[in-house]
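**Q** Take a look at the following structure, please.
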C-alpha cells in the first residue's frame, strides 16, 4: 500500500508540474511573438523580453522537476 501511495503522490506532483509547464510555454511563446514584431516601442520590447526570460526560467525549472519525478518513479520500479 505504501508503494501505491508514493506513486500517487509522484503522479499528482507530475500533473501540477506539467500544467505549470504548459502555462509557461504559452507565456513564453506569446511574449516572444510580441517582442519580435516590428514597430513597437522599445519599452514594450524590453518588457516582453523580461517576461520571456522569466517564462523560460519557469519552463526550465518545471522540466527539471519532471525529470526528478521520473527518476523517483524509476527508483520505485527498481525496488
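The values are calculated or read from the model by the stated rules, or taken from the named source; none is laboratory data. Just so it is clear, the model here is predicted, and its values are computed rather than measured. Cβ atoms come from the backbone with ideal geometry, glycine included; neighbour counts cover every protein chain shown.
**Q** Consider residue 42 carefully, then state whether it is modelled with pLDDT of 90 or more and loosely packed, with under 15 Cβ neighbours inside 10 Å.
**A** On the way: modelled with pLDDT of 90 or more: no; loosely packed, with under 15 Cβ neighbours inside 10 Å: yes.
In short, no.
**Q** Consider residue 19 carefully, then state whether it is loosely packed, with under 12 Cβ neighbours inside 10 Å and at pLDDT below 90. Please lay out each step first, then the result.
**A** Values: loosely packed, with under 12 Cβ neighbours inside 10 Å: yes; at pLDDT below 90: no.
So residue 19 does not fit the description; no.
**Q** From 46, 25, 33, which residue is under 16 Å from the mean Cα position of the chain (by Cα) and at negative phi? Steps first, please.
**A** Numbers: 46 fails: under 16 Å from the mean Cα position of the chain (by Cα); 33 fails: under 16 Å from the mean Cα position of the chain (by Cα).
The match here is 25.
**Q** So is residue 14 in contact (Cβ under 8 Å) with a residue 24 or more places away in the chain, over 29 Å from residue 77 (Cβ atoms), surrounded by 15 or more Cβ atoms within 10 Å (Cβ to Cβ) and in contact with a helix residue (DSSP H, G or I) (Cβ under 6 Å, 6 or more places away or on another chain) or not?
**A** So residue 14 does not fit the description; no.
**Q** Give the stretch 52-79 a look and list any residue that's more than 24 Å from residue 11 (Cα to Cα) and either surrounded by fewer than 16 Cβ atoms within 10 Å (Cβ to Cβ) or over 14 Å from the mean Cα position of the chain (by Cα) (or both), or say none.
**A** Correct list: 53, 54.
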